[in-house]
1. Tell me the residue from 67, 90, 71 that is touching a residue at least 60 places away in the same chain (Cβ under 8 Å) and open to solvent by less than 20 Å² (accessible area, probe 1.4 Å), please.
2. Take the residues in the stretch 59-78 that are in a helix (DSSP H, G or I) and within 19 Å of the chain's Cα centre (by Cα); name whichever of them is farthest from residue 30 (Cα to Cα).
3. Tell me which residues, restricted to the stretch 93-104, are over 24 Å from residue 157 (Cβ atoms), part of a loop (DSSP other than H, G, I, E, B) and open to solvent by 30 Å² or more (accessible area, probe 1.4 Å).
4. Just for the stretch 28-63: of the residues that are of a type in the set (Ser, Thr, Tyr) and without any contact (Cβ under 8 Å) to a residue 60 or more places away in the chain, which one is farthest from residue 85 (Cα to Cα)?
Amino acid sequence: MSSGGDLPFRIKICGVRTVDDVRNVSQAGADAIGLNFYSPSVRSLQPDSESTESINEMARKVGLTRVGLFVNHELAEVSRVASRLHLDWVQLHGDETVDAAASLIQSGHRVLRAIRLPRGELSPSQIDQRIGKWAELPVTLLLDADAGAAFGGGGMPLDWACIRKWAKRRSQDAAAWVLAGGLTSENVAEAIVCSGAQSVDVASGVEQPKGTKNAAKIRQFVAAVRLGFQGPSDAAGIETTGR
């Protein structure tokens with residue numbers, strides 16, 4: 001099994017759409033943003049627009065890790081956009097093949113692969129089955145809830161205890177992984193403690209209204225993540241909603 005290397009980030013705010021979003025993410029203390037290039041999404045950006053260039057450049061200046069999210073794009077287009085914007089990571093969130101990812105990796109791109117998991121209880125072997133041959137590539141895995149044709153978590157959380165069981169039995173050189181799916185400031189500390197996650201990804205959980213990032217929600221989310229990373233005793237003070 002190939003190693004995915006170090007975690008690409010600790011806290012990623014995905015689907016930013018303005019320069020102000022980038023400032024708010026940086027000021028809150030998160031370390032990564034996601035630029036969504038999936039056109040049906042309410043959070044989508046045009047990869048060649050001036051506004052996207054401004055967002056990307058601001059993120060670079062303040063030292064944020066920049067991740068481009070792609071869903072079933074042509075391989076050449078993924079590589080072109082990632083190279084043009086000098087993205088740190090390419091996130092594949094659709095039905096992309098292992099061979100396509102291998103080609104991107106050979107071209108020098110770092111790949112974050114979304115693994116869409118069913119909600120509810122899963123055994124470690126069932127999670128491994130979902131990962132399949134992706135475990136053989138040097139990618140980082142992003143565990144998200146399967147929202148079907150929506151190609152996103154749909155704001156739905158996973159069974160965190162099951163993910164912890166899966167993570168505990170993995171070898172030390174297994175690919176790094178990121179927790180996503182229905183995370184909010186109210187539940188992320190519990191999610192981290194229950195799952196053992198060291199990296200989290202949020203989109204809708206820091207928005208109000210949908211598709212619009214909210215500065216206060218971003219700050220609250222980052223603060224809750226930090227408590228979760230500190231451990232159960234600190235996270236106990238956070239009001240949680242459970243699964």
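The values are calculated or read from the model by the stated rules, or taken from the named source; none is laboratory data. Computed from a prediction, not measured in an experiment: that's the story for all the values here. In this analysis, Cβ positions are derived from the backbone assuming ideal geometry, glycine residues included, and neighbour counts consider all displayed protein chains. To get the accessible areas, we keep the full protein, side chains included, count just its heavy atoms, and leave off ligands, DNA and RNA. Shrake-Rupley method; radii C 1.70, N 1.55, O 1.52, S 1.80 Å.
1. Details: 67 fails: touching a residue at least 60 places away in the same chain (Cβ under 8 Å); 90 fails: touching a residue at least 60 places away in the same chain (Cβ under 8 Å).
Exactly one of 67, 90, 71 is touching a residue at least 60 places away in the same chain (Cβ under 8 Å) and open to solvent by less than 20 Å² (accessible area, probe 1.4 Å), namely 71.
2. Narrowing the stretch 59-78 to residues in a helix (DSSP H, G or I): 59-61, 75-78.
Add one more test, that the residue is within 19 Å of the chain's Cα centre (by Cα), and what stays is 59-60, 78.
On the way: 59: 11, 60: 14, 78: 25 Å.
Ranking the qualifying residues of the stretch 59-78, first place goes to 78.
3. Restricting attention to the stretch 93-104, the residues satisfying the condition of being over 24 Å from residue 157 (Cβ atoms) are 96-104.
Going one step further and asking which of them are part of a loop (DSSP other than H, G, I, E, B), we end up with 96-97.
Across the stretch 93-104, the qualifying residue is only 97.
4. 39
The rows are residues; the columns are (1) under 24 Å from residue 199 (Cβ atoms); (2) in a strand (DSSP E or B); (3) among the hydroxyl-bearing types (Ser, Thr, Tyr); (4) open to solvent by 10 Å² or more (accessible area, probe 1.4 Å).
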residue: 9; (1), (2), (3), (4): yes, no, no, no
residue: 17; (1), (2), (3), (4): yes, no, no, yes
residue: 23; (1), (2), (3), (4): yes, no, no, yes
residue: 26; (1), (2), (3), (4): yes, no, yes, yes
residue: 35; (1), (2), (3), (4): yes, yes, no, no
residue: 54; (1), (2), (3), (4): no, no, yes, yes
residue: 57; (1), (2), (3), (4): no, no, no, yes
residue: 82; (1), (2), (3), (4): yes, no, no, no
